[in-house]
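Only the coordinates and a few stated rules stand behind these numbers; no lab work does. Predicted, not measured: the structure shown is a model, and the values here were computed from it. Virtual Cβ from ideal backbone geometry, glycine too; neighbours counted across all protein chains shown.
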Amino acid sequence: MNPLTSKIIFTIGIISWLIIRIPYQREQKQNTIVDDRKTLQEKVVRLLLLLGILFLPLVYVLSPWLNFANYHLPTWANGLGIATLALSLWLFWRSHHDLGKNWSSTLQIREGHTLTTNGVYQNIRHPMYTSVLLLCIAQALLLANWIAGLSGFISFSIAYTTRVGQEEQMLLNSFGDEYETYKQRTKRLVPYLF
Ligand code: SAH
């Protein structure tokens, strides 16, 4: 596939991703927060994600500066990238939909927070992170560049490993046995696997 075509497809994916979030971001502002874990580490992690998934791909799409690190991708890899991107967008939307008012962009518990265990949360505890991982895989399969293609995956790996344990601890503090039982019958990212 022409590299320009795959760049355009990835850019449309990122724009759709940002659009999906808008109504939930608005709703989040109305929440009264009872537990907030917006630490410096959390802020750094969010910046890292913006750099890896948004900023570096945009530099690659809009300028020739990263072209020294280009590589070739076969058409089948681009095709797989498009399928992964579509799945990622669906799961991103679906997990926002299922979390509803319980969603927040940082680690928080709101007043009246309930534990979501239905929909895409039925078998995995972090479907939204799965959708980000799928987006990073799509990024590597669509952007044939060692820096812009792999930056998403690297920043996601750091963000995920620093965040997920803290998030589960926060939910355990709030929901106790209910979360423990949920934890025992579910996996983190991939149903029945891990
Ligand atoms: N880790 C989840 C959610 C990410 S959004 C996922 O990947 O799908 C982060 C916020 O969601 C956290 O602040 C937490 O309060 C909330 N959250 C995470 N899992 C939840 C659940 N099962 N039920 C209710 N709220 C949850």
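Worth a mention:
- The helices (runs of 4 or more DSSP H) found wholly in the stretch 1-90 and carrying at least 1 residues that are without any contact (Cβ under 8 Å) to a residue 24 or more places away in the chain and more than 21 Å from Leu107 (Cβ to Cβ) occupy 3-28, 56-62.
- Output for the stretch 166-186, where each listed residue is closer than 18 Å to Asn123 by Cα and either away from the ligand (no atom under 12 Å from the Cβ) or without any contact (Cβ under 8 Å) to a residue 12 or more places away in the chain (or both): Leu172, Asp177, Glu180, Thr181, Gln184, Arg185
- From the options Ala140, Ala86, Ala148, residue that is more than 13 Å from the ligand (Cβ to nearest atom), surrounded by 14 or more Cβ atoms within 10 Å (Cβ to Cβ), of a type outside the set (S, T, N, Q) and within 14 Å of the chain's Cα centre (by Cα): Ala86
- Within the option set Leu56, Leu51, being buried (at least 17 other Cβ atoms within 10 Å of the Cβ) and either touching a helix residue (DSSP H, G or I) at 6+ places or on another chain (Cβ under 7 Å) or of a type in the set (Phe, Trp, Tyr) (or both) holds for one residue only, Leu56.
- Condition check for Ser131: among the hydroxyl-bearing types (Ser, Thr, Tyr), touching a Leu at 6+ places or on another chain (Cβ under 7 Å) and either under 18 Å from Ile22 (Cα atoms) or in a loop (DSSP other than H, G, I, E, B) (or both): yes
- Pairs with Cβ under 9 Å, 6+ apart, first in the stretch 96-110 and more than 23 Å from Leu50 (Cβ to Cβ) and free of Cβ contacts under 8 Å to residues at least 60 places away in the same chain, second small (Gly, Ala, Ser) and more than 6 Å from the ligand (Cβ to nearest atom): His97/Gly119; Asp98/Gly119
- Annotation: Phe156 fulfils all but one of (1) part of a loop (DSSP other than H, G, I, E, B); (2) within 28 Å of Asn31 (Cα to Cα); the unmet one is (1).
- Subset of the stretch 54-71 (residues that are hydrophobic (A, V, I, L, M, F, W, C) and more than 14 Å from Ser6 (Cβ to Cβ)): Leu54, Phe55, Leu56, Leu58, Val59, Leu62, Trp65, Leu66, Phe68, Ala69
- Ser104, sole failed condition from (1) among the polar types (S, T, N, Q); (2) within 15 Å of the ligand (Cβ to nearest atom); (3) in contact with a strand residue (DSSP E or B) (Cβ under 6 Å, 6 or more places away or on another chain): (3)
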